[in-house]
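Since the structure comes first, as structure tokens, the remarks are kept for the end.
The values are calculated or read from the model by the stated rules, or taken from the named source; none is laboratory data. Nothing here was measured: the structure is a model prediction, and the numbers come from that model. Positions of Cβ are backbone-derived with ideal geometry, glycine not excepted, and every protein chain shown enters the neighbour counts.
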Amino acid sequence: MKILAVNAGSSSLKFQMFEMPEEQVIIKGTFERIGLNDSFYTINIDGAKEKKEALLANHEEAVNILIKELVNYGVIKSLAEIKGIGHRIVHGGDKYSSSVVIDDEVINTVTNLSSLAPLHNPANISGVKSFIKMVPDAIEVGCFDTAFHQTMDEERFLYAVPNEWYEKYNVRKYGFHGLSHKYVSKRISEILDKKYCNIIVCHLGNGGSISAVRDGHCIDTSMGFTPNAGIVMGSRSGDIDYSIIPYMMKKTGMTIDEIDKILNKQSGMLGISEVSSDFRDIEAKISVKDKKAIMAHYLFVNSVVGYIAKYYVELGGVDAICFTAGVGENSPHVRNMIIKRLACLGLKLDYEANDNMRFGKEGVITKEDSSVPCYVIPTNEELMIARDTYELIEK
Ligand code: ADP
């Protein structure tokens, strides 16, 4: 059965087509700069990559081209072969604790949740509507970034603010990157061959979050009401004292939107290193002993170690710690710094294994006598979407 996994952002649309249940990727690609000048798309098939220019005024035009290309490349003969389309949807609020088949009610609910994710949910829904129009017979499924974290208890998701803020305005911790946390925690449970286990998942990408998972259920996570909370990220500050905001507004005359933009886009690794939000650029500067780049790394590692320590205690000990996403999968340097700081818990890094575990490799990076094994598990959010979509169709 052919299933499409779709991730529609405000100006991009990524897709992967899977043959299910074999979980084989048939074709994948990205449409970029939708609604902007110089839009283009890339298609990857059979190890070859092709880039093409195209005028993409909106998501619908991208979907139109995508469908034509699936036929051109001989992946499908007719649209009827696409049985399911799974969509990544950033915010499901507290309405969705698992993926769901999309109907009008889901579209309305997700649209109404846009005030919680003003950049993401409208783009996600625009993607969904385009596919409904172009492939009306396929079953559309919504896979929420927040769903996996819906198992958190009130004592973990509430903020210590007046109850009315939660009851009337939905102010609470939601958590994000749920598809990744679910995929990685499931994968490690298979590797350990343990259904009941305590896992810490460190999703360290451009955006980053850490979660504490018990027996496959999230009990806590570092992102909050928005993805800005938690660890230091590429260009996001992560946790800060909220009083800095009114203080800086008064000191500089900046508006709340200007401050918000700085905390989102000009802070984190970029703000401290003054080099880049990309760890590769920062690591290049560290190799020439750039002090600000070194400081950015320290702040990042401190924030990650802090959350690992907190979740180690919250879980009452752990069976494994997993690293995933761009930085977690590819930076032995960052993993080395983090695991060294956890030596007091009995963690022992295997330097050679750590150095070799990059670019899509999966495996253990600690020594056999480490109190807790640490693993690199390449994440696969698209596969998670395809699995959920397939499962809902088969039901
Ligand atoms: P997102 O999905 O949040 O955009 P990714 O999970 O793709 O992020 O991670 C992207 C980040 O991964 C890059 O910004 C970069 O900092 C980091 N990264 C990728 N490759 C490497 C590498 N070889 N060494 C260090 N960092 C890397």
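Data overview
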{"read-out": "Test: residue in the range 283-300 that is in contact with a strand residue (DSSP E or B) (Cβ under 6 Å, 6 or more places away or on another chain), of a type outside the set (D, E, K, R), at pLDDT 95 or above and not in a helix (DSSP H, G or I)", "value": "no"}
{"read-out": "Residue ID - surrounded by the most Cβ atoms within 10 Å (Cβ to Cβ), chosen from residues in the range 356-391 that are within 16 Å of the ligand (Cβ to nearest atom) and part of a helix (DSSP H, G or I)", "value": "Ile385"}
{"read-out": "Close pairs from the range 332-351: first without any contact (Cβ under 8 Å) to a residue 40 or more places away in the chain, partner small (Gly, Ala, Ser) and surrounded by fewer than 17 Cβ atoms within 10 Å (Cβ to Cβ), Cβ under 8 Å, at least 6 apart", "value": "Leu342/Ala309; Leu345/Ala309; Leu345/Ser371; Gly346/Ser371; Leu347/Ser371; Lys348/Ser371"}
{"read-out": "Close pairs from the range 318-331: first under 7 Å from Leu204 (Cα atoms), partner within 8 Å of the ligand (Cβ to nearest atom) and among the polar types (S, T, N, Q), Cβ under 8 Å, at least 6 apart", "value": "Thr324/Thr379; Ala325/Thr379; Gly326/Asn206"}
{"read-out": "Count - residues of the range 91-123 that are touching a His at 6+ places or on another chain (Cβ under 6 Å), within 12 Å of Gly142 (Cα to Cα) and either assigned to a loop (DSSP other than H, G, I, E, B) or of a type in the set (D, E, K, R) (or both)", "value": "0"}
{"read-out": "Of residues in the range 301-336 being of a type in the set (Val, Ile, Thr) and not in a helix (DSSP H, G or I), the one farthest from the ligand (Cβ to nearest atom)", "value": "Val318"}
{"read-out": "All positions within the range 207-251 that are among the β-branched types (Val, Ile, Thr) and either assigned to a loop (DSSP other than H, G, I, E, B) or within 15 Å of the ligand (Cβ to nearest atom) (or both)", "value": "Ile210, Thr226, Ile231, Val232, Ile240"}
{"read-out": "Breaking point among (1) away from the ligand (no atom under 14 Å from the Cβ); (2) within 21 Å of the chain's Cα centre (by Cα), for Ala353", "value": "(2)"}
{"read-out": "Matching residues in the range 264-317 - criterion: being in contact (Cβ under 8 Å) with a residue 40 or more places away in the chain, under 18 Å from Arg236 (Cβ atoms) and charged (D, E, K, R)", "value": "Asp278"}
{"read-out": "Set Val63, Val71, Val75: member being of a type in the set (A, V, I, L, M), more than 30 Å from Arg172 (Cβ to Cβ) and surrounded by 23 or more Cβ atoms within 10 Å (Cβ to Cβ)", "value": "Val63"}
{"read-out": "Of all residues making up the range 30-60, the number that are more than 25 Å from the chain's Cα centre (by Cα) and buried (at least 17 other Cβ atoms within 10 Å of the Cβ)", "value": "1"}
{"read-out": "Residue match in the range 192-201 (condition: within 16 Å of the ligand (Cβ to nearest atom) and at pLDDT 95 or above)", "value": "yes"}
